[in-house]
Amino acid sequence: MTDTIKIIDLFAGPGGLGEGFSAFQTDNGSLPFKIVASIEKEESAHKTLTLRAFYRQFLDKKQIPDAYYAYLSSDGKVSAEDFFSEKYAEDWATAKQETLGGPKALGSEDHDQIFSEIERSLEGHRGPKLVIGGPPCQAYSLVGRARNRGIKGYTAEKDDRHFLYQEYLKVLNLVQPDIFVMENVKGLLTAKVNGESIFEKIRKDLQCPARALNSDREEIEYELLPLACPLEDLGGPGHFRNKDFVIRAEEFGIPQARHRVILLGVRKSYRKNSNDGELLAKWRTDSQVTPGQILADLPKLRSGLTKCKPNDFKSWRDNLYHGFSKVYNALSFSEVAQDNAQRAYESASKDQGQGGRFIPLSGNRPTKMPDRLKAWYEDEAMTGVINHQARNHMAEDLHRYLFASCHASVNEGSSPRSADYPEELAPAHKNWKSGNFVDRFKVQAENRVASTVTSHISKDGHYFIHYDPSQCRSLTVREAARIQTFPDNYFFEGSRTQQYVQVGNAVPPLLAKYIAQVVYEIIRKSESDGVAQWKSNQCEDLIQISNADCQ
């Protein structure tokens, strides 16, 4: 039987990748993966990590304390530290130790403490080890690179973020794991420094971290495997094309078109135990999951109004009524679209509220969610919905949101382009009609897979408009978390803006759970083959001894 597989989680964010591994169960119900060190520098994300680490202290016993749910439903005036540290002193202390006691940054003055804590967490461990995580992606993303080009004097060679993967290398060299998982944005494939492909260099360095770092430690070599393409005819480390390492999350039942580079590094001694098919093949599906399926059961909300006093329901309703005729007339191309707008107008007579940190619920909620996803998202002990608060929007943007959602409802989910907006609904932007912002307002359509949830959702909601015209708003943190496949009992700490950033930067936990099973099966098969080889060697030794005695 496989021993506990200890995990070091780097650049952890709110813990999406770690959540997937921690949630993976074997056929007999055991939880083989255990995070022993989780490193994150941003304070609010670190608080989220620590709270989730506390939750995991009770998973093996399947006895999540009532106090955990009491905290989720509290008003937030008491911190998690104060809420749990006395009554659950040992469990809270263990959770804090897992997250190194506070925010820590790789590649900073925290280096020695981080490495010391990693060594402590693995002391005496003889079982399998795993390193997971992804260096921050701002320097690699297409948006980030476009932004950098606008910075006077910017050069990639002087941007330390390009080289944070070397901190990942240093941890690999320290831990010498059996397997590692490294995630980053698709833009990594085309990023360059000094004319050299960053991804090509990363691939080369990851094949032997000790050699790349000129370290005097053992030169452990790794095979870098893609997860979403066949492994036949390997042909050496240069066989796979860069694009083979891209995973398209929607192809595996994740409700968003999230395309990310994910490298699976496997010790070469393990490689012979991998099959030659697609590692994630069993989860590949032609049936895409949509926002309409996973958001329908969440409470309906209205937004608030920016720069409006009082910011109350009456002001919101009056604003919607004020802009309704403009929207209705702009939808003259479709009676159905106008009917949808009319229903939104009529529903505005009742205040649905803006939501909040916790919304209590009672009774059954209608759901369109597939059963396999219900089991992943839902927690029967939950008595409400958390992190579900609509943000405030500019008065005129609400009219555009209403138009966009009604337009998408009759155009197979396609959001209107700038040319589709009448003059009276156009924003006062100089380049609105330049062609550079044709899709500035985007609806997350009810029956089409969602677009990628990114940290930009923290800036404004224009790209994340709810499909329901009657709600006339952008997505909440909980809705974004649903699209990212975070379980409903996963609480995000910090301000709402910080929560959006955490969700947008995360790896979808359900996808991570699938990767965890791949990793587990590789390790289990390697151990099984290792035992078989040991028994074979023992038998050969006994035969040789027996033959010697006969002579």
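Yes/no matrix, rows are residues, columns are (1) within 32 Å of the chain's Cα centre (by Cα); (2) under 30 Å from residue 525 (Cβ atoms):
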| site | (1), (2) |
| --- | --- |
| 281 | yes, yes |
| 302 | yes, no |
| 310 | no, no |
| 325 | no, no |
| 332 | no, no |
| 336 | no, no |
| 343 | no, no |
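For residue 392, the conditions (1) touching a residue at least 40 places away in the same chain (Cβ under 8 Å); (2) over 30 Å from residue 21 (Cβ atoms); (3) touching a Phe, Trp or Tyr at 6+ places or on another chain (Cβ under 7 Å) are fulfilled apart from (3). Considering (1) over 28 Å from residue 76 (Cβ atoms); (2) of a type in the set (A, V, I, L, M); (3) in a strand (DSSP E or B), the lone condition that residue 385 does not fulfil carries the number (1).
Quick check: is even one residue across the stretch 456-465 closer than 22 Å to residue 402 by Cβ and at pLDDT 95 or above? Yes, some residue in the stretch 456-465 is closer than 22 Å to residue 402 by Cβ and at pLDDT 95 or above. Count of the stretch 254-280 residues, restricted to those that are modelled with pLDDT under 95 and small (Gly, Ala, Ser), is 3. Quick one: residue 504 ticks every box in (1) in a loop (DSSP other than H, G, I, E, B); (2) under 21 Å from residue 259 (Cα atoms); (3) small (Gly, Ala, Ser) bar one, so which box is it? For residue 504, the exception is condition (1). Restricting 11, 21 to those that are crowded, with 20+ Cβ neighbours inside 10 Å, touching a Phe, Trp or Tyr at 6+ places or on another chain (Cβ under 6 Å) and either at pLDDT below 95 or not acidic (Asp, Glu) (or both) reduces the list to 21. Residue 106 meets the conditions (1) more than 25 Å from residue 360 (Cβ to Cβ); (2) outside any loop (DSSP other than H, G, I, E, B); (3) among the aliphatic types (A, V, I, L, M) in every case but one. The failed one is (2). Applying the condition of being basic (Lys, Arg) and in a loop (DSSP other than H, G, I, E, B) to the stretch 47-103 and asking which residue is surrounded by the most Cβ atoms within 10 Å (Cβ to Cβ) yields 87. Examine the stretch 488-499 for a residue that is in a helix (DSSP H, G or I), surrounded by fewer than 24 Cβ atoms within 10 Å (Cβ to Cβ), touching a strand residue (DSSP E or B) at 6+ places or on another chain (Cβ under 9 Å) and not assigned by TED's automatic domain parsing to the domain that holds residue 250, and state whether such a residue exists. Within the stretch 488-499, one or more residues are in a helix (DSSP H, G or I), surrounded by fewer than 24 Cβ atoms within 10 Å (Cβ to Cβ), touching a strand residue (DSSP E or B) at 6+ places or on another chain (Cβ under 9 Å) and not assigned by TED's automatic domain parsing to the domain that holds residue 250.
Checked against (1) touching a Ser or Thr at 6+ places or on another chain (Cβ under 7 Å); (2) at pLDDT 95 or above, residue 487 passes all but condition (1).
Taken together, 422, 416 contain a single residue that is without any contact (Cβ under 8 Å) to a residue 40 or more places away in the chain and either on the phi > 0 side of the Ramachandran plot or assigned by TED's automatic domain parsing to the domain that holds residue 339 (or both), which is 416.
Summed over the stretch 506-521, the residues that are of a type in the set (Ser, Thr, Tyr) and touching a Gly at 6+ places or on another chain (Cβ under 9 Å) give a count of 1.
Is it the case, given these coordinates, that residue 407 is more than 20 Å from residue 298 (Cα to Cα) and at pLDDT below 90? Judged against the criteria, residue 407 is not a match.
Are any residues in the stretch 1-25 touching a residue at least 24 places away in the same chain (Cβ under 8 Å) and of a type in the set (A, V, I, L, M, F, W, C), and if so, which ones?
5, 7, 8, 10, 11, 12, 17, 21, 23, 24
Cβ-Cβ contacts under 8 Å between residues 6 or more apart (or on different chains), taken from a first residue in the stretch 208-231 that is farther than 15 Å from residue 170 by Cα to a second residue that is among the small types (Gly, Ala, Ser), are listed as 223/265; 224/265; 225/265; 225/274; 230/277; 231/274; 231/277.
The values are calculated or read from the model by the stated rules, or taken from the named source; none is laboratory data. Everything numeric in this text was worked out from a predicted model, so none of it was measured. Cβ sites come from the backbone with ideal geometry, for glycine too, and all protein chains shown count toward neighbours.
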